[in-house]
Amino acid sequence: MKIQFDNTIKAGDILTSLTIALSVIALVLSLAKDREIKTADQGNKIRSAAASAIVKLDRWQSVQLSLYQELQPSFVETSELLAQKYDVVVARDKFWRQVNEERTQISHQVLEEQLGTAYLDILSHFPAARVKYVEAFTKLAAVEDEVSNEFLGGSEQEILNLEDKQANYQTAVLGNALRAQAKKSSSELKKKSEDVIAPLRNYLLKVIELPDEKIINASRSNRDG
């Protein structure tokens, strides 16, 4: 028995083959597009977390610096109190209470706004960021405490220096002296805190600037490492 092959190509077969080929191409393109979208979404989530961390870093600095602005009424009250009852120790003690009350309110604000745990959003992507954040905030707490204590010491000295000078005392004398101390401490806090924040901010900015593929690969590398 002789077997014969039909060598003719039918139009229907060509159409079927083209349809299959086009379907495969469409599927490949769709998968590639989905992968591209997924990669972009993952990259943007990481960037958003890093950006949020930067915002909270800057917010911490702003909240801490607000101490010296919030104390402005206290400078007036302390200088007037000394004029009414010329007792430098009483004036010093009341001023210290006001300063510490403001610091306590600021500490509550930092906790409420979760400024010290700003790394949480980026933690799942870049675990190394947590270590950097904890180290940075340990240093920032030390800086805030150091500058605040220097401010309290400087202000105390300005108040106690007025002992036995009641005859020539004017409220502007003490008020201006306390403002000068506040300006000095504010500048010092800004500089010292910026020295701590800048490296962490730069690290996060570099993360944000990475292309989608690189930011995801870097994230995986951080998790694996």
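Bear in mind that the values in this text are calculations on the coordinates, not laboratory data. Note that this is a predicted model, so its numbers are computed, not measured. Here the Cβ is made from the backbone with ideal geometry for all residues, glycine too, and neighbour counts use every protein chain on show.
Details
- Net charge contributed by nearby residues that have their C-beta within less than 11 Å of residue 87 (K/R +1, D/E -1): +1
- Between residue 160 and residue 38, the simple label model (points 7 Å from Cα in the Cβ direction) yields a spacing of 6.8 nm.
- Pairwise label distance in nanometres, residue 202 with residue 55, each label 7 Å out on the Cα-Cβ vector: 2.5 nm
- Dipole-positive endmost among 52, 65, 123 within the stretch 33-136 (Cβ charges, Cα centre): 123
- Nearest-0.05 FRET efficiency for residue 77 and residue 170, computed from C-beta distance (R0 25 Å): 0.95
- Distance violations [Cα-Cα > 31 Å] among 94/165; 94/191; 38/192: 38/192
- Here the spin labels are modelled as points 7 Å beyond Cα on the Cα-Cβ line, and at residue 113 and residue 85 they lie 3.6 nm apart.
- Descending semi-axes in Å of the stretch 107-219, equivalent ellipsoid built from Cα gyration tensor: 44, 13, 10
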